[in-house]
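Reading through the structure tokens given below for one structure.
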Amino acid sequence: MDHRFVGTAELVETPSVAVVVDVMRAFTVAAWVFARGAEKIVLAGSLDEALAWKACRPDWMTLKDGPPAPGFDLVNSPGLLRSADLGGRTVVQKTTAGTVGALAVKEASLVLCAAFVVAEATAEALRTCESDSVTFVVTGEHGQAEEDLACAQYIARRSTEPETDAAEFLRRAARSRAATELEQGLRQGSHPDDGALCVELDRFPFAMVASLEGPLMVLRPCPTPSSTGAART
């Protein structure tokens with residue numbers, strides 16, 4: 001299996017299979033949203049679009065980067081979502097990097113959104129999709145975010161070498177600039193536990209698949225064949 005690692009801006013054509021990685025924090029948060037009971041996540045192209053969808057569907061919840069803001073129900077923080085009751089809800093998510101990367105490959109035949117918390121389930125999904133080529137979209141820092149690259153490289157290796165150990169990849173993520181900023185409280189709308197929660201390995205037993213449903217790019221959890229255990233919440 002051929003693996004390519006690119007930033008969002010480097011995408012020149014639509015890949016057949018894409019894995020969009022945002023560890024700190026969009027797709028760690030997305031996994032927590034599903035763990036707290038949400039049915040689906042709608043990936044929005046802008047803050048205004050997110051608010052427009054909510055205006056049409058008041059029962060939907062909205063989530064964004066940064067501090068709380070009028071019209072938004074949730075912030076992009078796994079630590080702040082741990083106690084949320086999202087049973088059966090639809091959450092509209094807009095972030096700086098992760099949702100942008102997913103929307104950039106919305107025409108791909110398979111789009112997986114990933115972070116360390118769903119790494120093994122994502123690798124298993126790749127092992128079963130029978131594709132000769134996978135493009136990993138490294139969303140943070142214009143494709144240079146160390147935590148996203150480490151996660152992408154780990155999933156790529158794990159998809160072909162299932163005995164690959166995660167320790168060094170997790171160390172790289174834990175030492176990244178994003179992790180340092182979270183630890184120092186430099187990112188708005190964060191919780192002190194966010195950095196640690198973002199480098200938990202395989203907390204959840206599902207991959208996350210994004211696909212077009214009419215005009216919407218919708219993310220849903222997808223349990224893998226070997227995922228028989230319940231998520232740890």
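The values are calculated or read from the model by the stated rules, or taken from the named source; none is laboratory data. Here the structure is a predicted model, which means the values were calculated and not measured. Positions of Cβ are backbone-derived with ideal geometry, glycine not excepted, and every protein chain shown enters the neighbour counts.
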| request: Examine the range 204-218 for a residue that is in a helix (DSSP H, G or I) and surrounded by fewer than 12 Cβ atoms within 10 Å (Cβ to Cβ), and state whether such a residue exists. | output: no
| field | Failed item, numbered, when Ala44 is tested on (1) farther than 14 Å from Ala102 by Cβ; (2) in contact with a strand residue (DSSP E or B) (Cβ under 7 Å, 6 or more places away or on another chain); (3) not β-branched (Val, Ile, Thr) | value | (1)
| request: Run Val17 past the list (1) among the aliphatic types (A, V, I, L, M); (2) out of contact with any strand residue (DSSP E or B) (no Cβ under 7 Å at 6 or more places or on another chain); (3) over 30 Å from Arg57 (Cβ atoms) and report the number of the one that doesn't hold. | output: (2)
| query | Any idea which of Glu120, Glu161 is over 15 Å from the mean Cα position of the chain (by Cα), modelled with pLDDT of 95 or more and either within 20 Å of Ser226 (Cα to Cα) or surrounded by fewer than 20 Cβ atoms within 10 Å (Cβ to Cβ) (or both)? | reply | Glu161
| task | Tell me, yes or no, whether the range 69-91 has at least one residue that is farther than 21 Å from Asp202 by Cβ, of a type in the set (Ser, Thr, Tyr) and touching a residue at least 60 places away in the same chain (Cβ under 8 Å). | result | no
| note | The correct count of residues that are surrounded by fewer than 16 Cβ atoms within 10 Å (Cβ to Cβ) and farther than 19 Å from Gln188 by Cα in the range 54-82 is 5
